[in-house]
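Please read the structure below before turning to the comments.
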Amino acid sequence: MLANKKRNLGGVAPTLRKWRRSLSLYNLSGWLNPIFDLHAGGDRRLIFHDIDETRPELRTLEQNFEVIKTEARNVLAAYGRLPSYHAIDTDVIHSSGRLQRDKRWSIFMLTSFGLAPRAAPALAPETLKLVREIPGLYQAMFSILEPGKNVTAHVGPSRSYLRYHLALMVPTEMPPYIRLKDQHYTWVEGESVLFDDSWDHEVINDSPQIRVILMVDIRRPMPFALTAIARLMEMMAKRHYAARVVKTMDALLPPPDQMPKPQSVPRKT
């Protein structure tokens with residue numbers, strides 16, 4: 001009888017996990033995509049966006065490339081191997097942790113919907129200040145791909161935001177690239193790109209070295225009514241998503257008083 005119960009429970013557990021994923025804020029946010037499509041354009045929406053036309057304030061990050069790269073190096077020096085993305089945010093398990101489990105897609109969260117882990121201002125104070133000056137900021141993080149780590153095809157949950165990448169450390173040998181729908185972009189150190197990650201995308205990485213970028217999500221510029229809906233979503237995300245992510249970051253990474261004194265370079269204004 002016990003064996004039968006275990007088998008039955010074994011069948012229930014995957015179903016419960018499936019329902020939990022479906023009802024997570026990550027997936028629920030996608031229910032509003034038809035509304036955001038009224039502005040974004042639905043199947044005709046852009047893949048890549050012009051930074052200067054969409055959110056020119058992002059250029060400040062590119063101008064402070066050396067500052068941000070130095071602080072990313074401080075983070076890597078302090079921790080060595082960072083936790084996997086899905087260890088911090090379980091909603092990304094399918095793209096981060098289902099394949100190549102011996103390799104990691106890691107992140108160091110700087111800020112998420114206004115909340116910052118304790119380690120962020122300790123190791124990356126200037127980067128944190130810079131990203132907080134960007135209008136419509138959702139979240140910002142250092143994103144690290146270990147050698148040979150690929151990111152499987154997936155779609156971002158919501159069309160309320162756009163994603164920005166600033167390449168900080170990119171291998172010269174077989175540099176990794178991202179496929180967005182039917183287009184490809186190869187990172188170049190010091191250069192940035194803005195795109196809609198609600199399109200199907202994946203990262204191909206055959207390089208023997210790590211890739212480090214600054215990843216920033218910003219609210220998509222939209223008319224007032226749609227912006228108001230997006231702001232309501234942000235309030236929910238801060239309470240139900242960001243609080244959990246920041247708490248997990250604080251638990252997984254050592255407190256600031258255990259960290260080495262970071263190096264710094266002057267910020268450009």
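Each value in this text was obtained by applying a stated rule to the coordinates, not by laboratory testing. Every value quoted in this text rests on a predicted model; they were computed, and no experiment measured them. Reconstructed Cβ throughout: ideal geometry from the backbone, glycine too, with neighbour counts over all protein chains shown.
Subtracting the Cα-Cα distance of Thr54 and Leu38 from 0.36 nm times their residue separation leaves 4.0 nm of extension gain.
Taking 0.36 nm per residue of sequence separation and removing the Cα-Cα distance, the Lys181/Gln63 pair yields an extension gain of 39.6 nm.
The 3J(HN,Hα) values that the Karplus relation (6.51, -1.76, 1.60; θ = phi - 60°) gives for region 172-179 are, in residue order, 7, 8, 6, x, x, 9, 10, 9 Hz. Gly and Pro appear as x. Report the net charge of residues surrounding Lys181, where surrounding means a beta-carbon distance below 11 angstrom and charges are Lys +1, Arg +1, Asp -1, Glu -1. Around Lys181, the surrounding residues sum to -4.
Computed from backbone phi, the HN-Hα couplings of region 59-72 come to 4, 4, 5, 4, 5, 9, 3, 5, 4, 5, 5, 4, 6, 5 Hz, rounded to whole numbers (Karplus: 6.51 cos²θ - 1.76 cosθ + 1.60, θ = phi - 60°; Gly and Pro given as x).
Between the amide H of Gln139 and those of Phe113, Asp217, distances stay under 5 Å, these residues lying 5 or more places away or on another chain, with hydrogens modeled in the peptide plane.
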